[in-house]
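What follows is a set of notes on a single structure, which appears directly below.
Laboratory data are not the source of any read-out in this text; all were calculated from the coordinates shown. The structure displayed is predicted, hence computed values, not measured ones. Cβ atoms come from the backbone with ideal geometry, glycine included; neighbour counts cover every protein chain shown.
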Amino acid sequence: MEKFIVFGQYCEDAINKRRPFRNQHLERLGNLKDRNILVTLGPTKCTKYLFGIFNAKDENELRKLIENDIYWQEGIWISFDIYPWIQAF
């Protein structure tokens, strides 16, 4: 598996708009963490952007994984970029 960095953007008023979907989102993330796919993920302090580190076979696999998240499907996440990452230490 390779490591990837994900940078993305939340919609306006994401803190309120995410409420109906938050439990489903967090349960899924817990499952991904248990399977060693998700290393870390969360919003920046201003809550405009998201940052994550993932393990995946390739970029396409990770893109599908993100697009299957309820936050993407419901427009809470509005954009994201994926970058292969080399962990130095």
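Taking the chain as a Gaussian network of alpha-carbon nodes connected by springs under 10 Å, the highest mean-square fluctuation of the residues K64, K17, K45 belongs to K45. The alpha-carbon atoms of the chain, seen along their principal axes, cover 36, 23, 22 angstrom, with the largest extent given first. Where only DSSP H runs of four or more residues are counted, the chain gives -9000 deg cm²/dmol as its mean residue ellipticity at 222 nm, each run worth -39500 (n - 2.57). Summing Cβ point charges (Lys, Arg +1; Asp, Glu -1) relative to the Cα centre of the chain gives a dipole of roughly 300 debye. Using a Cα distance threshold of under 16 Å, what count of lysine pairs results for the chain when pairs must be 8 or more residues apart or interchain? So the count works out to 5. Using a simple spin-label model with pseudo-atoms 7 Å out from Cα toward Cβ, K3 and T44 lie 2.1 nm apart. Note that the stretch 5-20 has calculated 3J(HN,Hα) couplings of 9, 10, 10, x, 10, 8, 6, 4, 6, 4, 4, 7, 5, 7, 3, x Hz, one per residue in order, obtained from phi through the Karplus relation 6.51 cos²θ - 1.76 cosθ + 1.60 (θ = phi - 60°); glycine and proline are x. Sequence-distant contacts, meaning Cα pairs under 8 Å at least 6 residues apart, place the relative contact order of the chain at 50 percent.
With only alpha-carbon pairs counted, each pair once and no self-pairs, how large is the Kirkwood hydrodynamic radius of the stretch 1-41 in angstroms? Kindly include the intermediate steps, with their values, before the conclusion.
Numbers: mean 1/r = 0.0842 Å⁻¹.
After inverting the pairwise mean of 1/r, the radius is 11.9 Å.
For the chain, modelled as a GNM whose springs connect Cα atoms under 10 angstrom apart, the maximal fluctuation among I70, I15, I53 occurs at I15.
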